[in-house]
Structures are given as C-alpha cells and as structure tokens.
1. Applying the Karplus parametrisation 6.51 cos²θ - 1.76 cosθ + 1.60 with θ = phi - 60° to the phi angles of the stretch 104-120, what ³J(HN,Hα) value in whole Hz is obtained for each residue in order, glycine and proline being reported as x?
2. Quick one: 3J(HN,Hα) in Hz for the stretch 30-40, Karplus 6.51/-1.76/1.60 with θ = phi - 60°, rounded, Gly and Pro as x.
3. Share of antiparallel DSSP beta bridges in the chain, in percent to the nearest 5?
4. Roughly what would the spin-label model give for Ala40 and Asn27, points 7 Å off Cα along C-beta, in nm?
5. How much length is gained if the chain between Phe105 and Ser62 is pulled fully straight, taking 0.36 nm per residue apart and subtracting their Cα-Cα distance, in nm to one decimal?
6. With just the Cα atoms defining each centre, how far is the stretch 38-93 from the stretch 8-36? Give it in Å.
7. Let me check something: with ligands and nucleic acids excluded, how do Glu6, Glu46 order by accessible area (1.4 Å probe), largest to smallest?
8. So what are the chain's ellipsoid semi-axes, whole angstrom, largest first, if each one is the square root of 5 times an eigenvalue of the alpha-carbon gyration tensor?
Amino acid sequence: QVQLVESGGGLVQPGGSLRLSCAASGNIFSINAMGWYRQAPGKERELVASIISGGPTNYADSVKGRFTISRDGRKNTVYLQLNSLKPEDTAVYFCNARVIVAPEFRYLEDWGQGTLVTVSS
C-alpha cells in the first residue's frame, strides 16, 4: 500500500557530500514521521536521523553537525544531506516511513530497499 523509492547513494571521497532522497507514494492519508537508518557490514541497523510531521528532528550523535534531514510535505519526500563524510559512514541507508493509510486509517510502518553509500579514497 505504500512504496518508498530511494535515490542518491554512491561512492564519495572522505570529506565529500551526498544527498539522499526518499519519495513515498501509495494510499497515504498522512505521514507521522520519516527517517533514515543505516546498516554497515556486520553491524545492526541504526537510526541516523528522523523528522516528525510537525518538524522536530532527531539525529544520531555520530552525525550531528554533518547530516541534515528535511522533508517536502507536498511531495511526501524526505531528504538527507550528508556532509563531511567519513569512511565510517559507509553503509546501506534505508528510508523509513510511519504513515496512516487510507481508506482504513490504519497505521503502517514501511522501509525502502536501501541505497549504498561508500566513503573511500
């Protein structure tokens, strides 16, 4: 009922920047929150950043001051600007959305397919 399409991953040198996008579509009545998680090889998936419908944001300590999450409500799209990238930021980044779907007005949490970010010289 909900589709999340991510884009923007790739290979970047340390200190470089990337911008990830995630567009949500489907039978969405409203979006409660969207966010980005990441999973590095051999590690558990972790929260990177999230944004609630009203605007409050939350960041992992490891990315504060370097990453910025934003959202375009009209497009149901969330963005993650990644600056000053480090090799330890290398991971698959997953979009997450918590929505109310129509016509049932049912709560649903969904994930994107993931986009790979590789930070290497």
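1. 3J(HN,Hα) across the stretch 104-120, in whole Hz: 7, 6, 9, 6, 9, 10, 9, 10, x, 7, x, 9, 7, 10, 10, 10, 7.
2. So the J values, rounded to whole Hz, are 7, 10, 7, 6, 9, x, 10, 10, 9, 9, 8.
3. Details: 46 of 49 bridges.
DSSP beta bridges in the chain are roughly 95 percent antiparallel.
4. Placing both labels 7 Å along Cα→Cβ, they lie 4.1 nm apart.
5. 11.9 nm
6. 8
7. Details: Glu6 15, Glu46 80 Å².
Listed by decreasing accessible area, they come as Glu46, Glu6.
8. In descending order, the three semi-axes are 26, 14, 12 Å.
The values are calculated or read from the model by the stated rules, or taken from the named source; none is laboratory data. Quick caveat: nothing in here was measured; it's all calculated off a predicted structure. A quick note on method: Cβ atoms are made from the backbone with ideal geometry, for glycine too, and the neighbour counts reach across all protein chains shown. The area values use the complete protein model at the heavy-atom level, side chains included, leaving out ligands, DNA and RNA. Shrake-Rupley method; radii C 1.70, N 1.55, O 1.52, S 1.80 Å.
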